[in-house]
Structure formats: structure tokens, C-alpha cells
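The values are calculated or read from the model by the stated rules, or taken from the named source; none is laboratory data. It should be emphasised that the depicted structure is a prediction, and the values quoted were computed from it without experimental measurement. In this analysis, Cβ positions are derived from the backbone assuming ideal geometry, glycine residues included, and neighbour counts consider all displayed protein chains. Just so you know, the surface numbers come from the protein's heavy atoms only, side chains and all, with ligands and any DNA or RNA stripped out. Shrake-Rupley method; radii C 1.70, N 1.55, O 1.52, S 1.80 Å.
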Amino acid sequence: MADSRPIGVFDSGVGGLTVARAILDLAPHEPLVYVGDNARFPYGPKPVDQIRRYALEIADYLVRRDVKMLVVACNSIEVSAIGDIAIRAGIPVIGVIDPGARAAAHVTRSRVVGLIGTQATVESRAYDRAMAAVRPDIELHAQACPAFVEHVERGDTTSDELLEAARGYLSPLVTKEIDTLILGCTHYPLLSGMLQRELGPDVVLVSSAEETAKDVYALLLDGGLEREGAAPPRHEFLATGDPEQFQRVARVFWGHELSEVRATRAEPAGGGSWS
């Protein structure tokens, strides 16, 4: 039976749009409701309990919007709250970590893989567990890159300050002679050019966006959740902070003009609603 409800996608900011774009590449008739919590980013350095509270607020909002599934397009949210979200939501919930680990396991030749992510993601060791479940023979080396998200949210992908930070972060991974690098944050694909230049052409960069989209597509088919009809879908892109800043940076991720971004305010932990 056809299901015309939208897919809910959320992230701490614009990074999850890399996942949203990949979903629509595979399922172009599906409507999306995207929430970027740019009023409260970055999530990575925040305590797990705080990230969980923010994530549950946004997930609750999307469930009230009657989405048919939730895509947690943020590694920091997944490691902090995806279990709680899945229990509370009552609808299918898909994350990005397992798809990223699968993709890296498929492409590595030397079985020496690097991971870059936020502090929360790296400290959780979620990728270590995911990789061990897929290919326990892989040697995984992780590096937190706390400065990257703030640069991307400002639209900075080329500054000398960013390049200097990247060289410091990547140096230990280069020493380990990795042949594959997992971009363990959905903001990081926008830095692919810079990362590839620093690591060299022989290192394969792995984004979880495409693999996550495959999981979403499979769920649409297997769960009978596909939307039918030829009418173009209507997407909503919501920002909890400055919508103009969100839209300016989001255009780079999305690849074309976004529809109007409606400003929302983050729901207080004690209740209330977004305007």
C-alpha cells in the first residue's frame, strides 16, 4: 500500500543534507522533512546526556509531523541516542554508522582503515564495534577532528586555518599507512577535496551517505512505504537557528537552490513547541 508521508531526516546542522541528497537520488518521489539544529551545533563536544536531550526533542517533533521513518543523519546523535529514539519513536529509525563501516570494509585493500569524527563519535567507539561485526580482521585507527564542523557550518572549506588543523589531525593516520578513511561525520564530505589532497590519491574516502540511502530505499520497498504518484514531492528544510545562514551553506551540500527554509526555534527541554 502506498504511503505518502514524508521521510524525516535530522542533524546538528547542514551536514545531514549529504544523506538527504543521496536518499533522493535513489528515491526521487519521496518527500523529506529535514531539521538542522544549527542553533545548538556543534554537538560533538557536548556531553552525551545533552546530545540525547536535543536529539529526542527533534525526533519527537518529526514524529508529530507524521513522518514514516527517521533517518539520524548525524554520527554524534547516533552514538548518544539512537536506541532511545528507536524505542520512543514507534517508527523505523536508520542511522549512518553501520552503513559507513560496511562501505569501508568493502573497499579497503590493506585492512588498515582510518576514521575521523567528532569527539563524541570517536570516544563512543561505535565504529570499532560496527567494524568488528562486519570484518574483525580490519585495523581501525580513529582521530577526533573537533574543528571541522564549525568550519563547514561557516561555509569554510579552504582556509589556511582549516588546512593547518587538517594536517595535524591526519598526520597520525598517515603514519599508520591507512588505505581507506571513513568520514565519520556527515559534515565532512564537503571537505573531501582538501582531505584527498592531504592524504594522496591512493587513500579511498568513504562517506556513509550512499550506503545509508540504500538502507532507506530497501526499507521503503520491504516495508511497503513507497510513495506512489507522478506529482513532484514537496520537501521542507527547517533550521532551528538562522535560516539564511543555513540556506547559504546548505546550497553547497544540496547542489541546487533549496526551497524556502522556515525558521524554527528549538523546543525547550521542559516542553512547549516550535513556532
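Tabulated values for the structure
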read-out: Under 5 Å, built H, 5+ apart or other chain: amide partners of Ala73; value: Phe10
read-out: Nonlocal amide H pairs with Gly114, under 5 Å, H built at 1.01 Å; value: His141, Asp179, Thr180, Leu181, Ile182
read-out: Carbon and sulfur %, accessible surface of the chain computed with the full protein complex present, 1.4 Å; value: 50 percent
read-out: The stretch 51-161, Rg to Rh (Cα coordinates; Rh as Kirkwood inverse mean 1/r); value: 1.02
read-out: Highest to lowest packing among 131-138, 236-243, 33-40, scored as the average C-beta count within 10 Å; value: 33-40, 236-243, 131-138
read-out: Mean Cβ count within 10 Å, highest first, over the residues of peptides 193-199, 141-147; value: 141-147, 193-199
read-out: Residue among Ser80, Ser124, Ser207 with the largest mean-square fluctuation in a Gaussian network model of the chain, springs linking Cα atoms under 10 Å; value: Ser124
read-out: Alpha-carbon Rg with Dmax, taken over the stretch 103-212, Å; value: 13.1, 39
read-out: Set of lysines with alpha-carbon distance to Lys214 below 20 Å, sequence-local pairs under 8 removed; value: Lys68
read-out: With DNA, RNA and ligands ignored, accessible area of Thr158 (1.4 Å probe; Å², nearest 10); value: 120 Å²
read-out: Size descriptor, Kirkwood hydrodynamic radius, that averages inverse alpha-carbon separations across the stretch 1-43, Å; value: 11.2 Å
read-out: The chain: angle of helix 97-107 to the longest principal axis, Cα-based, in degrees nearest 10; value: 40 degrees
read-out: In degrees, nearest ten, helix 243-254 long axis to first principal axis of the chain (Cα); value: 60 degrees
read-out: Label-to-label distance, nm, for residues given as Asp25 and Arg5 (7 Å Cα→Cβ offset); value: 2.8 nm
read-out: Surface per residue (accessible, 1.4 Å probe) for the stretch 1-55, Å²; value: 32 Å²
read-out: Per-residue [θ]222 nm for the chain (sum of -39500 (n - 2.57) over DSSP H runs n ≥ 4, rounded to 500); value: -14000 deg cm²/dmol
read-out: Hz values of 3J(HN,Hα) by residue in the stretch 70-82 - Karplus curve (6.51, -1.76, 1.60), Gly and Pro given as x; value: 10, 10, 7, 8, 8, 4, 5, 5, 4, 6, 9, 8, 4
read-out: Separation of the Arg154 and Asp60 label points, Cα + 7 Å toward Cβ, nm; value: 3.4 nm
read-out: If the convex hull is drawn through the Cα atoms of the chain, its volume per residue in Å³; value: 123 Å³
read-out: Paramagnetic reach from Glu123 (point 7 Å along Cα→Cβ, amide N under 18 Å) across the stretch 52-67; value: 52-55
read-out: Degrees, to the nearest 10: 48-64 long Cα axis against longest axis of the chain; value: 40 degrees
